[in-house]
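A short write-up of the structure that comes next.
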Amino acid sequence: MNLLSSRTRPHVNNSRPLALSERAETFFHRPRSWIARLDWATVFGSAAAIPARVEVDLGAGDGGFVAERARRHPACAFLAVERLLGRTRKIARRAARLDLANVRVLRIEASYAVERLLPPHSVDAITVLFPDPWPKRRHHKNRLLQTSLLDACARALKPNGWIAIKTDDSAYFAHIRAAAAASPLLQLWNDATAETLLPEITDFERDFLKEGRPIHFLALRPRERAACAASVPGASSPRC
Ligand SMILES: C[S@@+](CC[C@H](N)C(=O)[O-])C[C@H]1O[C@@H](n2cnc3c(N)ncnc32)[C@H](O)[C@@H]1O
């Protein structure tokens, strides 16, 4: 599937090849409206078709994870959400360098993206990998993963969708488990493992593994999904 049409890739038809930084620009998604829900066909430049599978990585950092996953799953579309300009530029340059037509970068607060921009029931997977732990008690309110954000993620997911979270921070992990348990829309997906669901290693994870820090993993899925999975053949498959 050609997710990114030549209409949105000016370098394809230009006689002068674009420099990496110019090509990187084409990997940014800048919505015309910041208050309308995203349209996946528009985001990924596939005018005729909505991508069959969409994954969203919240707090994508430098994009090592999303690039590796996009390379391994060319038929899936990947939206990398990151709030820091420098990091979004790195993700876009990486996508351009690797010619990953199935990646787009959105520079925005993750909670705004999930609550206001993701279309309901349209996303196959949401990953939140090594979110900032905000260890001081007075900063806990800044933590991205709260029940309200998880519920908003649940609303964006397709019935077969899932959320996967990794962190090296034990206290934040306990907080995330409690936030998930309080969600009326999500349930733990105990059978899922990091190895089967997300074998790709993130940039931060690589550093943490070198330091010998434990990596905590949690997968969630919409509550109704248990019934769906029982009736839809193959619906329980976690892979793309
Ligand atoms: C610790 S880094 C992890 C990066 C990447 N997921 C990885 O594992 O390599 C956390 C990233 O989340 C981004 N971030 C933190 N809070 C965010 C928010 N509210 N919205 C968007 N990005 C956020 C930070 O800028 C940073 O790049």
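The values are calculated or read from the model by the stated rules, or taken from the named source; none is laboratory data. Not measured: the values here are computed from a predicted model. Note that we place each Cβ from the backbone using ideal geometry, even for glycine, and neighbour counts take in every protein chain shown.
Points worth noting:
- Filtered by the rule that a residue be within 15 Å of the ligand (Cβ to nearest atom), out of contact with any strand residue (DSSP E or B) (no Cβ under 8 Å at 6 or more places or on another chain) and closer than 26 Å to Arg30 by Cβ, segment 143-165 gives Leu149, Ala152.
- Val123 vs. criteria under 28 Å from Pro184 (Cβ atoms), of a type in the set (Val, Ile, Thr), modelled with pLDDT of 95 or more and away from the ligand (no atom under 12 Å from the Cβ): yes
- Residues in segment 84-99 that are without any contact (Cβ under 8 Å) to a residue 60 or more places away in the chain, over 21 Å from Lys166 (Cα atoms) and not basic (Lys, Arg): Leu85, Gly86, Leu98, Asp99.
- Of the criteria (1) modelled with pLDDT under 95; (2) touching a Phe, Trp or Tyr at 6+ places or on another chain (Cβ under 6 Å), which one Pro233 fails: (2)
- Conditions (1) aromatic (Phe, Trp, Tyr); (2) touching a residue at least 60 places away in the same chain (Cβ under 8 Å); (3) within 9 Å of the ligand (Cβ to nearest atom); number of the one not met by Tyr112: (2)
Every residue, every condition in (1) β-branched (Val, Ile, Thr); (2) crowded, with 16+ Cβ neighbours inside 10 Å; (3) within 16 Å of the ligand (Cβ to nearest atom); (4) in a helix (DSSP H, G or I), yes or no:
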| position | (1), (2), (3), (4) |
| --- | --- |
| Ala179 | no, yes, yes, yes |
| Pro184 | no, no, no, no |
| Asn190 | no, no, no, no |
| Ile201 | yes, yes, yes, no |
| Gly212 | no, no, no, no |
